Amino acid sequence: MILEGIVTTQNSAGDINVAPMGPIVDESMESFVLRPFQTSTTYKNLNGHPFGVLHVVDDVLLLAKAAISCLVETPETFQAITIPAHVLKSACRWYEFRVDSFDDSEERILIEASVVHAGRLRDFFGFNRAKHAVLEAAILATRVHILPADEIRSQIDALRSPVEKTAGPDELEAFQFVDKYVQSSLFGGEGS
């Protein structure tokens, strides 16, 4: 199964990268497989510094901003417990990992990782249709250069309904942020 989350990695200078990632996991969470693109900062960082942290979060604005590379500054972190890496203070749970192997024979790298420590900061908020809609919209926003504009616009419009019906202020802000980004990317800021 794929678990949507956020991965933090760092380069040799110690700069932290925050990226949404959907690793392939099982219920044990003892190991997982990351699948970043060869051009991604996550891959470059893990290739040079084979440690990172997978976070389970419920902050959809953070997910949305990280997905489209619009984080103005790195969110607050603290030092991981067992590895040279950083944990997001806003996470619900985190999984410190080390890279076991890389398969870079395809455009998407397969990175097998072992969990070396897991921690919990707080409860996951719970299911909310608006949070899921924002997550889907953020994923669409990462594909504006791949999918036809009409398809993306149609899917974003369909996701608007659950947001309008079930969102709190954070989900509304996150959806508006993603919608504005998609509109600007596809139509130069003009509506469809």
Q | Ellipticity estimate at 222 nm from DSSP helix runs (n ≥ 4, -39,500 (n - 2.57)) divided over the chain, nearest 500 | A | -11000 deg cm²/dmol
**Q.** Rounded to whole Hz, the Karplus (6.51, -1.76, 1.60) HN-Hα couplings of the stretch 52-66, x for glycine and proline
**A.** x, 9, 9, 10, 9, 10, 10, 8, 6, 5, 4, 4, 5, 5, 5
Q) Accessible area, 1.4 Å probe, largest first: how do Tyr95, Tyr181 sort? A) Tyr181, Tyr95
Q) Between exposed trypsin sites (Lys or Arg not before Pro) in the chain, where DSSP calls loop and at most 16 other Cβ atoms lie within 10 Å, what's the longest gap? A) 1-88
Q: Kindly provide the GluC sites (Glu not before Pro) of the stretch 49-104 that DSSP labels as loop, not H, G, I, E or B, and whose Cβ sees at most 15 other Cβ atoms within 10 Å.
A: Glu73, Glu76
**Q.** Nearest-ten-degree value, helix 129-141 long axis tilted from longest Cα axis of the chain
**A.** 80
Q.
Suppose a student asked you for the relative contact order of the chain, using Cα pairs under 8 Å spaced at least 6 residues apart; what percent would you report?
A. 19
**Q.** Cα Rg, Dmax (largest Cα-Cα span) when computed across the stretch 1-71, Å
**A.** 11.9, 34
Q.
Taking a cut-off of 23 Å, what percent of all Cα-Cα pairs in the chain are separated by more than that?
A. 44
Q.
Can you tell me the orientation of helix 149-166 relative to the chain, as the angle in degrees between its alpha-carbon axis and the longest Cα principal axis, to the nearest 10?
A. 90
Q: Step through the residues of the stretch 21-31 one at a time and calculate ³J(HN,Hα) from phi using the Karplus curve (6.51 cos²θ - 1.76 cosθ + 1.60, θ = phi - 60°), rounding each to whole Hz and writing x for Gly and Pro.
A: 8, x, x, 7, 10, 10, 5, 6, 6, 8, 7
(Q) Under the rule of at least 5 residues apart or a separate chain, name every residue whose amide H is placed under 5 Å from the amide H of Ala80. (A) Ala85, His86, Val87
**Q.** Rounded to whole Hz, the Karplus (6.51, -1.76, 1.60) HN-Hα couplings of the stretch 85-100, x for glycine and proline
**A.** 7, 10, 10, 6, 5, 8, 5, 7, 10, 9, 10, 6, 9, 10, 7, 9
Q.
For Lys65, give me every one of the lysines with a C-alpha distance below 22 angstrom, ignoring sequence neighbours fewer than eight places off in its own chain.
A. Lys44, Lys89, Lys131, Lys180
Q) In whole Å, what is the distance between the alpha-carbon centres of the stretch 65-80 and the stretch 91-165? A) 15
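The values are calculated or read from the model by the stated rules, or taken from the named source; none is laboratory data. Note that this is a predicted model, so its numbers are computed, not measured. So basically every Cβ, Gly included, is an ideal-geometry build from the backbone, and we count neighbours across all protein chains shown. For accessibility, only protein heavy atoms count, side chains too; no ligands or nucleic acids. Shrake-Rupley method; radii C 1.70, N 1.55, O 1.52, S 1.80 Å.
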